[in-house]
Amino acid sequence: MNRDLDLIVQAAREAGALALMRKAQGLQVQAKAGGSPVTNADIEVDSLLKAQLGAARPDYGWLSEETADDPARLERSRLFVVDPIDGTVAYIKGKPYWTVCIAVVEDDRPVAAVVHAPELDETFAALAGAGATLNGAAIAPSRTAAVEGMAMLGDAKMFGHPAWKQPWPPMRIETRNSIAYRICLVADGRFDAALALSAKSEWDLAAADLISAEAGARLTDHRGGNFAYNKPVPLMRSLISAAPDIHPLILERVRHIDLPG
């Protein structure tokens, strides 16, 4: 499996270099169905990764944000789950918080993963059973054990909404466009938790899921359920990413909420 990790780390770095080059040349931006933006770089990075990874592992399936879904992936025991550019809005607006995400999923769980942030020169990687790293150094989540005063990644307006049964205490709340990057920032201890009460796709989560687990953080939906991948509908309804002592405290505050899916 080390060969898979080496393969996807190298591919992510090459994809990041292509994205940086296209950004320097000037982007072409369009709106996808639903209104979210997509650039020529998203499409080109996707094509590069599909060709490169597909040639190296022709027996693996493929699931990517920018490729039309092929149900044939459901028949594969192993597949690539890819987000060519996670955080396209940041990418377009000149913010550095976008990533290239690649996971190898086997029997519904990621077993090798990379989340590469080209403009930050940060490469998170993980192999099942072998820990998680940032630029080659081992990472671990924070030891924070109280919600009050913790560092949270999420929507400040959501936390301040008057409908909460139990109001949230004062916290440092920030956001990052890339969902995968948020999870990695919790995994390496720079933030204590991230919360999203809206649907996310498998390509947003798969790579960061393994990095989180191998670092020792927790990643679940808002009711504490673990994620499984390569599903017919590749969506997760919510996410809690948190340091281990904080996760149950957040779960207590949100698990009563009814969400679709």
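Cβ-Cβ contacts under 8 Å between residues 6 or more apart (or on different chains), taken from a first residue in the stretch 201-214 that is touching a residue at least 60 places away in the same chain (Cβ under 8 Å) and in a helix (DSSP H, G or I) to a second residue that is of a type in the set (Asp, Glu) and open to solvent by 20 Å² or more (accessible area, probe 1.4 Å), are listed as Trp203/Glu65.
Of all the residues in the stretch 78-100, those that are among the charged types (D, E, K, R) and part of a loop (DSSP other than H, G, I, E, B) number 1. Considering the conditions (1) touching an Asp or Glu at 6+ places or on another chain (Cβ under 6 Å); (2) surrounded by fewer than 20 Cβ atoms within 10 Å (Cβ to Cβ), Glu65 is excluded by exactly one of them, (2). Per the listing Arg57, Arg22, the residue uniquely buried (at least 16 other Cβ atoms within 10 Å of the Cβ) and over 14 Å from Ile102 (Cβ atoms) is Arg22. Counting just the residues of the stretch 101-120 that are assigned to a helix (DSSP H, G or I) and in contact (Cβ under 8 Å) with a residue 40 or more places away in the chain, which one comes out farthest from Gly61 (Cα to Cα)? Ranking the candidates gives Glu119 first. Restricting attention to the stretch 226-247, the residues that are within 20 Å of Lys165 (Cβ to Cβ) and either in a loop (DSSP other than H, G, I, E, B) or open to solvent by 60 Å² or more (accessible area, probe 1.4 Å) (or both) add up to 3.
Tell me whether the stretch 146-155 contains one or more residues that are of a type in the set (Gly, Ala, Ser), open to solvent by 30 Å² or more (accessible area, probe 1.4 Å), in contact with a Ser or Thr (Cβ under 9 Å, 6 or more places away or on another chain) and modelled with pLDDT of 95 or more. No, there is no match, as no residue in the stretch 146-155 is of a type in the set (Gly, Ala, Ser), open to solvent by 30 Å² or more (accessible area, probe 1.4 Å), in contact with a Ser or Thr (Cβ under 9 Å, 6 or more places away or on another chain) and modelled with pLDDT of 95 or more.
The set of residues in the stretch 176-200 being assigned to a loop (DSSP other than H, G, I, E, B) and over 18 Å from Thr133 (Cα atoms) consists of Arg176, Asn177, Ser178, Leu197, Ser198, Ala199. Note on the stretch 1-37: residues that are more than 17 Å from Lys50 (Cβ to Cβ) and either touching a Leu at 6+ places or on another chain (Cβ under 7 Å) or not hydrophobic (A, V, I, L, M, F, W, C) (or both) amount to 15. No other residue among Gln52, Gln30 is in a strand (DSSP E or B) and either within 23 Å of Phe124 (Cα to Cα) or polar (S, T, N, Q) (or both) apart from Gln30.
The values are calculated or read from the model by the stated rules, or taken from the named source; none is laboratory data. This is a predicted model, so every value here is computed, not measured. Because the Cβ atoms are built from the backbone with ideal geometry, glycine has one as well, and the counts that use them run over all protein chains shown. Quick note on the areas: whole protein, heavy atoms, side chains included, nothing else; ligands and nucleic acids left out. Shrake-Rupley method; radii C 1.70, N 1.55, O 1.52, S 1.80 Å.
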